[in-house]
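Everything below concerns the one structure shown next.
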Amino acid sequence: MNVQLPLRMDKTAFLGWIQGREERYELGRGRVIMMTGGSRAHWQITANLFKALDARIDPEKWSVLPEFGIDLPPESIRFPDIIVDRAGEPPKDLTATAPVLIAEVLSPSSERVDLGDK
């Protein structure tokens with residue numbers, strides 16, 4: 001389940017706003033969306049995918065990143081479950097620079113958003 005807050009902001013403001021927050025948020029078309037936690041099954045699938053990719057990918061070329069930001073048009077920043085991005089990018093980056101794989105584990109409560117806007 002996702003909760004849309006009555007907040008609108010641009011990508012730069014959003015990335016600054018989420019720093020240090022314990023809750024998880026995404027930006028969808030300029031609107032702040034609070035993300036709820038996933039089930040044990042969701043996190044186990046995500047962990048298994050992370051381990052499988054991390055064991056097989058050349059770390060000199062690629063980084064496997066869980067819940068890392070991706071900059072999308074229009075005015076959206078999403079945090080998919082797993083991203084494979086180019087290795088060696090600046091450590092302070094807040095979004096992927098050249099993702100080659102984006103994986104989102106579907107949940108019944110967020111399936112419509114995951115298959116649509118996301």
Name the pairs whose Cβ atoms lie under 6 Å apart, with the first residue in the range 12-40 and under 15 Å from Gly69 (Cβ atoms), the second assigned to a loop (DSSP other than H, G, I, E, B) and open to solvent by 60 Å² or more (accessible area, probe 1.4 Å), and 6 or more positions between them or separate chains? Leu15/Leu94; Gly28/Asp117
Whether any residue in the range 23-30 is under 18 Å from Leu94 (Cα atoms), part of a loop (DSSP other than H, G, I, E, B) and of a type in the set (Asp, Glu) is what I want to check. yes
Cβ-Cβ below 8 Å, separation at least six or inter-chain, first residue in the range 58-74 and under 24 Å from Glu22 (Cβ atoms), second open to solvent by 90 Å² or more (accessible area, probe 1.4 Å): which pairs? Ile70/Ile102
Only one of these conditions is not met by Ala52: (1) open to solvent by 70 Å² or more (accessible area, probe 1.4 Å); (2) modelled with pLDDT of 95 or more. Which number is it? (1)
Those residues that are of a type in the set (Ser, Thr, Tyr) and either within 11 Å of the chain's Cα centre (by Cα) or surrounded by fewer than 19 Cβ atoms within 10 Å (Cβ to Cβ) (or both), I need them from the range 30-49; list them, please. Thr36, Ser39
Please find, among Ser107, Ser76, the residue that is surrounded by 12 or more Cβ atoms within 10 Å (Cβ to Cβ), in contact with a helix residue (DSSP H, G or I) (Cβ under 6 Å, 6 or more places away or on another chain) and among the small types (Gly, Ala, Ser). Ser107
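Residues in the range 40-53: is at least one at positive phi and not hydrophobic (A, V, I, L, M, F, W, C)?
Taking every residue of the range 40-53 in turn, none turns out to be at positive phi and not hydrophobic (A, V, I, L, M, F, W, C).
The values are calculated or read from the model by the stated rules, or taken from the named source; none is laboratory data. Quick caveat: nothing in here was measured; it's all calculated off a predicted structure. Every residue, glycine among them, receives a Cβ derived from its backbone with ideal geometry; neighbour counts consider all protein chains shown. For the accessible areas, the whole protein counts, side chains as well, though only heavy atoms, and no ligand, DNA or RNA atoms are used. Shrake-Rupley method; radii C 1.70, N 1.55, O 1.52, S 1.80 Å.
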